[in-house]
Amino acid sequence: MKAARVFTALLLLAGGVGVLTTGADIYFRFLYLAALLPLGSLLWTFWAARGLRLNRNARLTRANVGDYFEEYFEVFNDSRILAPWIEVFNRSRLPFAAGSRLLTFVRGRQTRSYHARTWLTRRGAFALGPTRLSTGDPFGLFRWSREFPPAQTLVVLPMLFEIDSFFLPPGLLPGGQVIRRKSPDITPHAAGIREYAPGDAMKRIHWATSVRRGQLMVKEFEQDPQAQIWLLLDSQKEVHYKKEDPSQPHPFEFNAFGKRPKFQLPPSTLEYAVSAAASLAHYFILKRRAVGYASAGQTFTVHHAERGERQEARILETLAFVEANGRLSIAALASAQASQLPQGSAVILITPAARPELLQAVDDLQRRYLRPVVVLLDSSSFGAPSGAERLARSLRERRLPLCVVSCGDDLRQSLSSLAADFTQQEIHSWKSPVLSS
């Protein structure tokens, strides 16, 4: 483009000097050419850019870290003239976003399409755009761009590890007697029907009885006798650490038939904790268990224990946006939530905090007849000044199920090994040993 403008300027200069000095006809032609060339190029560029149109679609807008995300791009040249080149520039904030292309010699009324694959390396929400289309004239004098706003948003969920097995303490009701207590949530145990009240969900209406009685009737449910699973994630800012990662992942876009590269979690306690929570939620939902979730970042987030894929999607979407920006410790979170949990529930504490107050939280959970399980991240392997050896030793002395995860460990192997390593023994909170020195 710069060379073409320099040539036009020289042509104009030569024509002007020649006309002033000699007045020959050829210099007049130089002037005409120097004037008509930019004008024609400008009109060409304007009409070509005016006919540009983009269709950008993604079949799925939910994916996990480590997966490939595929998009379909269609570029339309609705004008009647040739577009010598069309540059497609994907301005999405998605890391390693694919889709930028250079298309050449796009004829009038022609459509070009292609697929783009992006390797997902960061969780969160990313707008699929904006996308900028640029074109110009054949001589490279002008460039015209059009920008298309994003039409879809991609939510990247945490990376999931397929856990083979996970130790779970037995509940208080192994026989599964029905708890005669009304539940605001839908459970497998129906208790009866009553008249509809304002605020009742439409999904609780029993339509057959409503038709028979001539008025809306809703179903009532009782609590599930099976022990619930609660995931408590530590999102306190002061306890999380991140180690510098010299190795950066590389995009893997062009080899469509290549082997998928192995993705490693960033050396961050938060990323390991989030993936551990997501993997455990996925594991217990597949086991048809009622899973609840709580964390205290900038906002206090609680998802009451439920079964099913909708509950898993709800928890994973919450984990996609978790940040280590809270002030409430894991011990305070457990104490605040313990009074709301039914007896016999398993409480899985996921934390890198190597503080004695965690022992107090565990004792408090046991006194309330809850079953604590600790997933402890060894913060020293993530760059923290001190590790969790002393705390881990004290938890083992209490005969609590404990899983210690270090930076670089395979989460699938670490979480699955807890079931084989731990042997359940009867222990009472008043017999708990003191903190080791």
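Coordinate-derived values only; no laboratory data. Here the structure is a predicted model, which means the values were calculated and not measured. A quick note on method: Cβ atoms are made from the backbone with ideal geometry, for glycine too, and the neighbour counts reach across all protein chains shown.
For the reader, a short list of remarks on this structure follows.
- Compactness of the stretch 75-136 is given as radius of gyration and Dmax, 13.7, 43 Å, from Cα positions.
- Computed over the alpha carbons of the stretch 1-69, Rg followed by Dmax gives 23.5, 74 Å.
- Value of D in µm² per second that Stokes-Einstein yields for the stretch 1-158, Kirkwood Rh from Cα pairs, at 4 °C (1.567 mPa s): 72
- Restricting the stretch 22-63 to trypsin sites (Lys or Arg not before Pro) that sit in a DSSP loop and have at most 10 other Cβ atoms within 10 Å of their own Cβ leaves R59.
- Each distinct pair of alpha carbons in the stretch 105-155 adds a 1/r term; the inverse of their mean, the Kirkwood radius, is 14.1 Å.
- In terms of the mean number of neighbouring beta-carbon atoms within 10 Å, the peptides 195-208, 109-122 order highest first as 109-122, 195-208.
- Built from the Cα atoms of the stretch 292-391, the convex hull projects on average onto 6.9 nm², one quarter of its surface area.
- Three-way shape label, the stretch 309-365, alpha-carbon gyration tensor, a/c 1.5: oblate
- Mean-position separation - Cα centroids, the stretch 340-402 and the stretch 74-106, in angstrom: 53
- Amide H to amide H, with H built 1.01 Å from N, D137 comes under 5 Å of F142, counting only residues 5 or more places away or on other chains.
- Along its principal axes, the stretch 13-52 has C-alpha extents of 46, 14, 8 angstrom, given from the largest down.
- For the stretch 261-312, the spherically averaged projection of the C-alpha convex hull amounts to 4.7 nm².
- Using only Cα coordinates, the Kirkwood hydrodynamic radius of the stretch 43-92 works out to 13.2 Å.
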